[in-house]
Structure formats: structure tokens, C-alpha cells
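The values are calculated or read from the model by the stated rules, or taken from the named source; none is laboratory data. This one's a predicted model, so the numbers in the text were calculated from it and none came from an experiment. Methodologically, a virtual Cβ is constructed for each residue, glycine included, from the backbone with ideal geometry; neighbour enumeration extends over all protein chains shown.
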Amino acid sequence: MIDLSPVEAGQLAVEFLVEDLQIPEDDRDFFAVLSARCTDQDWCVVEVGVEGLPDKWVIQVFDTKECDPCYTFVSPVSPDTIDSDLEEFPLDIATAIANERKHQ
């Protein structure tokens with residue numbers, strides 16, 4: 001049985017993601033756990049998003065409390081409107097999401 005709660009996995013995933021995306025400390029509150037579920041295996045699946053946007057990152061968090069660096073980005077936004085809904089967000093967040101959308 002896994003020794004990691006979904007809440008703890010969610011916190012670890014958000015911390016990992018904002019570090020990986022190099023989001024400044026002041027802008028990290030925009031990120032939130034959308035869902036977190038642990039498997040019967042040795043890992044949890046956590047979905048992290050930015051409040052108000054349809055995009056999400058899916059991150060595996062292992063029972064060792066390490067996150068898989070090969071996470072997945074999912075967005076319903078079409079390639080021709082990559083940054084149309086990002087004006088109200090801090091530049092670092094808008095840039096990170098636009099880059100992810102471009103490369104999905």
C-alpha cells in the first residue's frame with residue numbers, strides 16, 4: 001500500500017511544477033490541484049492547473065515523494081489561439097502556458 005496521501009501528492013506536484021516552469025514565488029498561488037488520486041501501485045496521479053484556464057498538467061508522484069519529470073500537458077485550446085486567454089495572467093505564467101500549448 002502506498003504511503004502517500006492524495007493531498008501530499010498534490011502539494012508535491014505543484015511545488016515540482018512551479019519549480020520546473022521557473023514560476024516566481026509571488027505567482028505560484030495561481031496554480032492549484034484539480035485532482036489527485038493514488039493507485040494501488042506506488043504512485044499518485046495529480047492534475048494541476050491555473051485557476052480560470054482549461055489547461056492542465058498531469059504529473060506522477062511516486063511514493064518516494066519524487067515527481068516524474070516527464071509529465072503531460074493537456075489543453076483544449078486550438079493552436080491558432082495559443083495566447084488569446086492569457087492577457088490577465090502574470091507574464092511568466094502566460095509564457096509558460098503559451099509554450100506548453102505550442103508544443104503539445
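Collect the residues in the stretch 49-66 that are among the acidic types (Asp, Glu) and either within 17 Å of Val18 (Cβ to Cβ) or loosely packed, with under 12 Cβ neighbours inside 10 Å (or both), keeping them in residue-number order.
Of all residues in the stretch 49-66, those among the acidic types (Asp, Glu) come to 51, 55, 63, 66.
Answer for the stretch 49-66, where residues must be among the acidic types (Asp, Glu) and either within 17 Å of Val18 (Cβ to Cβ) or loosely packed, with under 12 Cβ neighbours inside 10 Å (or both): Glu51, Asp55, Glu66.
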Where a residue in the stretch 6-33 is on the phi > 0 side of the Ramachandran plot and its partner, wherever it lies, is aliphatic (A, V, I, L, M), with Cβ under 9 Å and at least six apart: Gln22/Ala96
The condition from (1) surrounded by 15 or more Cβ atoms within 10 Å (Cβ to Cβ); (2) at pLDDT 95 or above; (3) touching a Gly at 6+ places or on another chain (Cβ under 9 Å); (4) not aliphatic (A, V, I, L, M) that Asp85 misses is numbered (2)
Just checking, how many residues over the stretch 67-99 are touching a Pro at 6+ places or on another chain (Cβ under 8 Å) and either within 15 Å of Ile23 (Cβ to Cβ) or acidic (Asp, Glu) (or both)? 2
Quick check, is Gln41 out of contact with any Gly (no Cβ under 6 Å at 6 or more places or on another chain), farther than 19 Å from Lys102 by Cα and in a strand (DSSP E or B)? no
Subset of the stretch 65-104 [out of contact with any strand residue (DSSP E or B) (no Cβ under 9 Å at 6 or more places or on another chain) and among the hydroxyl-bearing types (Ser, Thr, Tyr)]: Ser78, Thr81, Ser84, Thr95
